[in-house]
1. Starting from the Kirkwood radius over alpha-carbon pairs of the range 106-162, derive D by Stokes-Einstein at 37 °C in a medium of 0.692 mPa s and give it in µm² s⁻¹.
2. Could you compute how much accessible surface LEU138 exposes when probed at 1.4 Å, giving the result in Å² to the nearest 10?
3. Counting only protein chains, not ligands or nucleic acids, how are SER105, SER182 ordered by accessible area (probe 1.4 Å), most first?
4. Return the inverse of the average 1/r over all pairs of distinct C-alpha atoms in the range 299-354, which is the Kirkwood hydrodynamic radius, in Å to one decimal.
5. Quick one: which residues, 5+ away or cross-chain, put their amide H under 5 Å from the amide H of CYS188? H built at 1.01 Å from N.
6. Report the convex hull volume per residue for the range 256-310, counting only C-alpha atoms, in Å³.
7. Dimensions of the range 67-226 along principal axes (Cα, Å, largest first)?
8. From largest accessible area down, sort ARG133, ARG106; use a 1.4 Å probe on the protein chains.
Amino acid sequence: PVLHMAALRSVVLVCIAVHIQAFQPPAALSSSFLRKSDASTRVVQSHGRRSGLAVPQMSGFGFAKTIGGKKNTPGAQKPSVLSPRRTIPPEIMVPDYAADGNPKSRAPTMPWDIYKNTPEDIAGIRKAARAAREVLDLAGQAVKAGVTTDEIDELVHTETIKRGGYPSPLNYCDFPKSVCTSINEVVCHGIPCTRTKLKPGDIVNVDVTVFLDGYHGDCSETFCVGEVDDEAKRLIKTTYKAWQAAIAICKPGVPYSHIGGVIEEIAQAEGYSSTRNFCGHGVGKTFHTNPTVLHYKNKQNNGVMAEGHVFTIEPMINEGVAQNVMWKDKWTATTKDGKRSAQFEHTLLITKDGVEPLTAKTETSPRYFWETEA
């Protein structure tokens with residue numbers, strides 16, 4: 001009996017270990033927004049050199065925290081100082097984190113547990129997504145040499161409020177501004193600042209999310225500042241191609257894990273890499289939730305697409321290596337080698353027969369540069 005019980009305990013312990021391992025998220029996984037714990041930091045990006053190395057570590061499913069270190073960071077961005085925080089009129093409905101920076105809603109424990117939005121939810125998300133598209137179009141038109149990223153932030157903030165919305169990034173886990181502006185080697189989450197002026201030849205991703213009547217709509221686009229070199233154009237077009245190819249496979253019954261392989265195959269064929277430690281996400285009533293959408297080849301069980309799912313695909317494609325460096329501001333991520341990165345993003349709805357980009361361009365939206373070239 002003693003030997004029997006010992007053997008039984010061993011079997012149980014092995015089963016528990018296997019069960020726990022099966023539910024571990026990928027080692028480098030994080031949300032498209034990292035959790036940020038230090039609300040006092042006011043150092044942000046601008047043109048110039050910056051040092052600071054951070055290693056992502058798991059801090060719960062879908063998010064990451066950073067450990068500081070020191071290393072000279074390649075690239076042209078450097079710290080600057082924020083303008084005063086912009087205010088929100090009292091009549092605007094705000095998300096649950098607006099006051100204290102702490103999102104109250106949490107993603108379900110199991111990564112394959114994905115909320116199916118009701119027709120009422122979809123109508124609300126559609127409205128927020130259309131507002132986000134309108135604001136992103138205006139921000140893109142403002143991208144010109146000499147314009148500061150803080151001026152873009154002011155425009156996004158003002159235009160969001162005009163539409164009755166709240167700029168979702170503002171105070172989300174203490175993010176200090178209303179939009180993300182990521183220039184050249186900044187992979188994502190660049191913080192707008194007063195001294196960062198766009199220069200001819202820059203590329204910049206503008207990431208807009210609008211919270212309207214209880215729902216978030218999320219989208220981004222990489223814009224050219226004046227005339228850019230051919231390699232920048234090739235990077236942007238390849239990122240767009242990979243993004244669109246991934247959207248094209250979306251329909252009920254498709255595993256979310258299939259998205260990443262489509263993206264990475266196209267990126268690698270052009271000699272590029274796909275960022276691994278930032279991902280797409282579910283969006284709607286909650287800014288970031290299940291599913292987790294990885295942009296590289298994987299076998300993670302992050303669920304299967306079903307009618308009513310709403311999520312983003314937002315690949316970050318790099319000229320060089322996929323690894324990135326987290327700055328001391330705990331938001332800005334730059335490529336480890338200082339080479340450029342590009343990104344596009346849509347809020348997507350799985351329909352009965354396929355997929356609908358809720359943040360798609362409208363008839364009045366500015367065209368992509370390759371659509372207007374002779």
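The values are calculated or read from the model by the stated rules, or taken from the named source; none is laboratory data. Remember, it's a predicted structure, so these values are computed and weren't measured experimentally. Each accessible area value is taken on the protein alone, full model and side chains, heavy atoms only, with ligands, DNA and RNA left out. Shrake-Rupley method; radii C 1.70, N 1.55, O 1.52, S 1.80 Å.
1. It comes out at roughly 237 µm²/s.
2. It works out to around 60 Å².
3. Details: SER105 45, SER182 5 Å².
Ranking SER105, SER182 by accessible area, largest first, yields SER105, SER182.
4. On the way: mean 1/r = 0.0716 Å⁻¹.
So the Kirkwood estimate lands at 14.0 Å.
5. ALA333
6. Details: hull volume 4.4 nm³, N = 55.
It is 79 Å³ per residue.
7. Cα extents, longest axis first: 45, 37, 29 Å.
8. Details: ARG133 5, ARG106 130 Å².
Ranking ARG133, ARG106 by accessible area, largest first, yields ARG106, ARG133.
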